[in-house]
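What follows is a short report on a single structure.
The values are calculated or read from the model by the stated rules, or taken from the named source; none is laboratory data. Quantities reported herein were computed from a predicted structural model and do not represent experimental measurements. Because the Cβ atoms are built from the backbone with ideal geometry, glycine has one as well, and the counts that use them run over all protein chains shown.
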Amino acid sequence: MNPSSNFLDTQQVPALLDGLMALGYANDYDWVKHQCNFSKNETQAQLRLPITIGLNDGAVDLQHQVKYLMLLVQTGSAALGVFEGEKCIDHKVFSAYMVRKKQGKSQLKHLKTKGKSRAGSRVRLAKTLEFFEHINQRLTRYNEENEFDRIAFSCSKILMPYLFKSKVPTPFDKKDERIYRIPKHLHQPTFEVMLGMQRFLNKGELIFDPEKNAELAELITRI
C-alpha cells in the first residue's frame, strides 16, 4: 500500500501531536514546509500543519492568531489575499492581456523564440509589465498595513523574474524566510480558487503508510 493522506481540522492537530508523542515518535519540525516529520524505528510519517497554527518552542500555539498573505500568480491572472486565522480580511484579483490569441501561448514564452517586434507583442509585453507593477503596488500596501507571520506563495517559474524585478519592487525578497510554497497545483487564480486554496491550507495533512504503521492508523480513528 502506498502512503495515504488524512486531512485534519485545526482542532484535531493538538490531539494527534500528543498521541504521537505518547507513542514515542521523534518529531523534527521543518519551518520552510511548515511540516512535522515523525520517525520511530523504521516507520515514518509527515504532518503538514494548518497554516493557521503557530509553533512556540516546538509546541502548538493556538492562542496566537496567525496572519498571512496569500499570493497566487499564473499567466494572465493573480489573486492576493490577507488572512487572519480562518478569515479573509482583504483581497484583490488582477488580470492582464498576456496570451497570444491564435496560438494560445504566453507572450513571455513567445519572447524567448521570436522576440517582440510586432505591435501586438509590444502591447502584450507592456500589459505584462504593468500587471506586475499593479501586483507589487497592492503587495506594498498590504505589507505596510500588516505584520505577516507567513507568505503563502504560488507562482509559475517563468513569471518569477517579472514579479521580483518589476519597476515597482516586491516588498519582500524571494528568499524571505516567511515564504511558504503552497504544496498544491494551482488553477488559474480567481477569488474562488484562492478561497479553495485557503481551505486546503487551513487543514492539516498527515501522510503515512497505514499498512506499515497500524498504531498510527488506529490513533487516527480515535481523534
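Remarks
- A search for C-beta distances below 8 Å between a residue of segment 127-141 that is at pLDDT below 95 and any residue that is of a type outside the set (S, T, N, Q) and in a helix (DSSP H, G or I), counting only pairs 6+ apart in sequence or on different chains, returns 128/108; 128/162; 129/162.
- Residue among 195, 129 that alone is in contact with a Gly (Cβ under 9 Å, 6 or more places away or on another chain), surrounded by fewer than 17 Cβ atoms within 10 Å (Cβ to Cβ) and part of a helix (DSSP H, G or I): 195
- Residue list for segment 144-181, restricted to those being polar (S, T, N, Q) and either free of Cβ contacts under 8 Å to residues at least 40 places away in the same chain or farther than 20 Å from residue 89 by Cβ (or both): 156, 166, 170
- Cβ-Cβ distances below 8 Å connect the following pairs, each with a first residue in segment 4-29 that is under 17 Å from residue 42 (Cα atoms), a second residue that is among the basic types (Lys, Arg) and modelled with pLDDT under 95, and a separation of six or more residues or different chains: 23/40; 24/40; 25/40; 26/40.
- Answer residue from segment 1-20, given it is buried (at least 19 other Cβ atoms within 10 Å of the Cβ) and assigned to a helix (DSSP H, G or I) and is farthest from the chain's Cα centre (by Cα) among those: 20
- The set of residues from segment 75-89 being in a strand (DSSP E or B) and within 16 Å of residue 188 (Cβ to Cβ) comprises 77, 78, 79, 80, 81.
- Test: residue in segment 9-21 that is touching a Cys at 6+ places or on another chain (Cβ under 9 Å) and either of a type in the set (Lys, Arg) or over 18 Å from residue 217 (Cβ atoms) (or both): no
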